[in-house]
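The structure appears below as structure tokens.
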Amino acid sequence: MKKKKFDPARITQGLMGKAREYMGDSERMKDLLSSASIKVKDNNQLSGMIEDIGLALSLTRDFSRKTYRDISKGSIAAIVAGIIYLVNPMDIVPDFLMTGFLDDAAVLGYILTRMRDELDKYKHWKDANR
């Protein structure tokens, strides 16, 4: 039997339907973003990504509140898919293990890299609207 390779793109694609469900339910989205914020706070395994993750959470929050709309729903769904993966404690490598956030970092890194232009555009908008 052939062993499946860890593939952040496949994982993200597999969570897109669930992400769209969250996008259609403001309370679930609020809870998801809150859980993600708690999960990344003081997380040493994600320390190199904390700023970008925080920006992605803020972008998603502003999109949900309809204060920022200059991004496609598909791009937001990809970000939400990564957040769902992060929050799920029993993903490919359970988070309670010593290296449990490495798979989360790989999935989030894949998504954040793909969304770099969107995050930069949002950061510019956010800085201009403070």
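Read the figures in this text as sums done on the coordinates, not as results from a lab. Note that the structure is predicted; figures quoted are calculated from it, not measured. Using ideal geometry, Cβ is built from the backbone for each residue, glycine included, and neighbour counts are taken over all protein chains shown.
Here the chain was treated as a single set of alpha-carbon atoms; its pair distances binned every 10 Å from 0 give 12, 46, 33, 7, 1, 0 percent. Putting +1 on Lys and Arg Cβ atoms and -1 on Asp and Glu Cβ atoms, find which of H124, A19, N43 reaches farthest to the positive end of the dipole of the chain. So the residue furthest toward the plus end is A19. Summary of the geometry: the range 5-40 and the range 113-128, compared by the centres of their Cα atoms, lie 19 Å apart. Summarising the amide proton neighbourhood of Y68: residues at separation of 5 or more, or on other chains, whose placed amide H is nearer than 5 Å comprise F63.
Shape annotation for the range 1-72: C-alpha extents along the principal axes are 48, 30, 22 Å, from largest to smallest.
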